[in-house]
Structures are given as structure tokens and as C-alpha cells.
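A quick write-up on the structure given underneath.
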Amino acid sequence: QKRQKRGAERGPSASKSNTFVYLVQAIRDYNQNGIEKEFDTIGIYTTKALALDAASDAFEDKYSNGFFVDGKFTEPSAFEKVEDNTNTIRDEGRVFYQLDYEGEETSITLKKIQLDVPFQG
């Protein structure tokens with residue numbers, strides 16, 4: 001006999017949830033080799049708009065080293081590459097990206113996650 005799971009619903013309403021959240025993370029790679037990567041969770045949000053606002057605030061306040069102010073890169077030529085995808089990003093991907101000439105990468109990412117998905121072994 002299969003055990004009853006804690007919190008598990010039974011019957012027709014036990015199908016997958018249609019509830020999604022958006023995970024915003026900062027990723028820093030200090031020498032583009034993936035060995036010295038740091039991951040920070042900025043937050044989990046119920047709407048994409050809230051997630052993008054948080055991504056923008058976090059990038060400006062903590063992760064851009066002062067080179068992103070009021071929604072704009074202040075000195076893009078100081079970097080090998082910069083990206084602001086806030087107007088084109090769909091539900092997942094890189095919101096902001098900054099690569100300096102020494103090889104340090106900073107990304108702010110967005111990921112849409114469905115809640116209450118049963119474990120598939």
C-alpha cells in the first residue's frame with residue numbers, strides 16, 4: 001500500500017499547480033572559467049514586473065560597481081560588453097550583463113518557476 005503524503009491532495013484537483021514565481025539571481029564569475037563563481041539570490045517574486053524592478057535595483061545598488069544609474073549604463077565603454085535586456089526578456093534569461101576587460105562577469109538572471117510540481121524520480 002502506498003503511503004499517504006503529507007499535504008498531498010487527493011482526487012481530480014491534485015493536478016499540477018498553475019502558480020508561478022520568478023527567481024532573480026546575481027551571478028559573478030571572477031575570471032570566466034566558472035571556478036570562482038558566486039551566486040546570490042536576490043529574491044522570489046509573484047510577478048515578472050516586481051522581479052524586473054528588483055533586478056534593476058539590485059544591479060544598480062550592489063552589482064554594477066556604480067556604472068549603472070537610473071536605468072542606464074553610465075560608462076559602457078569602460079566594459080568589454082554590457083547588456084540591459086529589461087525590455088526584451090521573456091520569462092527567463094539574463095536581465096543584465098557586464099563583462100569588464102579583466103574578465104570579471106556579472107549577470108542578473110530571471111527564471112520562471114512553477115510551484116508544487118511533484119517529484120519525478
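The values are calculated or read from the model by the stated rules, or taken from the named source; none is laboratory data. A quick note: this is a predicted structure, and the numbers were derived from the prediction, not measured. Cβ sites come from the backbone with ideal geometry, for glycine too, and all protein chains shown count toward neighbours. Accessible surface is based on the protein model in full, side chains and every heavy atom, while ligands, DNA and RNA are left aside. Shrake-Rupley method; radii C 1.70, N 1.55, O 1.52, S 1.80 Å.
You will find that of Val82, Val95, Val69, the residue that is β-branched (Val, Ile, Thr) and surrounded by fewer than 15 Cβ atoms within 10 Å (Cβ to Cβ) is Val69 and no other. Here Asn87 fulfils each of the conditions (1) more than 12 Å from the chain's Cα centre (by Cα); (2) open to solvent by less than 70 Å² (accessible area, probe 1.4 Å) apart from (2). Within segment 98-111, being open to solvent by 60 Å² or more (accessible area, probe 1.4 Å) and either at pLDDT 95 or above or of a type in the set (A, V, I, L, M, F, W, C) (or both) holds for one residue alone: Lys111. Among the residues of segment 16-62, those that are at pLDDT below 95, open to solvent by less than 90 Å² (accessible area, probe 1.4 Å) and not charged (D, E, K, R) comprise Ser17, Thr19, Tyr30, Asn31, Asn33, Gly34. I'm checking my understanding of the structure. Among residues of segment 71-83 that are within 20 Å of the chain's Cα centre (by Cα) and among the charged types (D, E, K, R), which one is nearest to Thr109 (Cα to Cα)? Of everything passing the filter in segment 71-83, Glu83 is nearest to Thr109 (Cα to Cα).
Of everything listed in (1) part of a strand (DSSP E or B); (2) farther than 17 Å from Ala26 by Cα, the single unmet condition for Glu102 is (1).
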